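Notes for the one structure printed next.
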Amino acid sequence: NGGFKENVTRVQRELFQGINNSRFGAPHIIISGAPGSGKGTQCENIVKQFGVVHISTGDILREHVKGGTDLGKQAKAFMEKGELVPDQLVIDMVKAKLSETEVQKKGWLLDGFPRTPAQAEAMAAAGISANVFLQLEVPDEVLVERICGRRTDPVTGKIYHLKFNPPPSDPAVQARLVHRADDTEEALRTRLVAYHNNVNGILDFYKDISVTVNGHSNGGFKENVTRVQRELFQGINNSRFGAPHIIISGAP
């Protein structure tokens, strides 16, 4: 639909990705970010830019349960009892996903996983390693403003924000807007405490490949996307070829 130029650009991008993946190996990326950090949007752009397969453990879990696989049946038994699915079971699902032909060919983007030191240890034990660990950093107060202002229209499914994307002035729409229970400040701050504890616990596992990007820079959305792409290119290339060592000389 984008026309001839967009098709040419896309063909070039796909060819570069395919050639580089064949030459140097497909990219392996982990992205981490608190609720409201913009992780979902960055994932969409990373998939477009690098051609990798986006992998969410929540999606994988639902696929296995729906498909009635052995792993899915085991997970369902825990879920029906209201218990957390064990880390090893999730790791087995991730390993199964990473072994798929398309994922091995294109590379992968693990979205928000691992979350805990135990999961990071299990991944390392399973031989799963990444080129880059990307962490989006946004101040808690900004996250509170972003999340707590959200309202959902249950009829249309649209999500509004009282400040950044206000709902229509229609009284009928205003009356039916829903403020989700996990979008309250109390619930969010509890989630943020858990997030910070977990991410601080796994940073040591990825300190050599870790890249931190300010998800709330003054340059706005486009600058954040551009910086994420630049940092990922550098991280992937450093992993493939080794980090550059440069000496510069010049007169006063």
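Of note:
- At R0 = 35 Å, FRET efficiency that the Cβ-Cβ distance of residue 161 and residue 101 yields, to 0.05: 0.30
- Taking the alpha carbon gyration tensor of the stretch 39-190, multiplying each eigenvalue by 5 and rooting it gives semi-axes of 33, 20, 17 Å, largest first.
- For the stretch 150-252, the relative contact order comes to 14 percent (Cα pairs under 8 Å, sequence separation of at least 6).
- Virtual spin-label span in nm between residue 214 and residue 125, 7 Å along Cα→Cβ: 4.0
- Measuring between alpha carbons in the structure, the pairs from 48/106; 73/97; 48/105; 39/76; 76/97; 105/207 lying more than 20 angstrom apart are 39/76; 105/207.
- For residue 241, solvent-accessible area (1.4 Å; no DNA, RNA or ligand), Å²: 120
- Span-rule helices in the chain, defined as complete DSSP H runs reaching 20 Å or more along the axis (Cα) with Kyte mean at least -0.5: 185-202
- Convex hull (Cα only) mean projected area of the stretch 23-98, reported in nm² to one decimal: 6.5
- Rolling a 1.4 angstrom probe over the chain with all protein chains present gives an accessible area of which 53% lies on carbon and sulfur atoms.
- Rounded D (µm²/s) - the stretch 71-131, Kirkwood Rh over Cα pairs, Stokes-Einstein at 25 °C, 0.890 mPa s: 195
- Take the Cα of residue 141, step 7 Å toward its Cβ, do the same at residue 13, and the gap between the two points is 3.7 nm.
- Spin-label pair residue 84/residue 189, simplified geometry with 7 Å Cα→Cβ offset, distance in nm: 2.3
- Solvent-accessible area per residue, Å², over the chain with all protein chains present [probe radius 1.4 Å]: 60
- Tail beyond 18 Å, pair distance distribution of the stretch 142-242 (Cα, percent): 66
- Heavy-atom accessible area order for 227, 180, largest first, 1.4 Å probe: 180, 227
The values are calculated or read from the model by the stated rules, or taken from the named source; none is laboratory data. This is a predicted model, so every value here is computed, not measured. Note that each Cβ is placed from the backbone with ideal geometry, even for glycine, and that neighbours are counted across all protein chains shown. Each accessible area value is taken on the protein alone, full model and side chains, heavy atoms only, with ligands, DNA and RNA left out. Shrake-Rupley method; radii C 1.70, N 1.55, O 1.52, S 1.80 Å.
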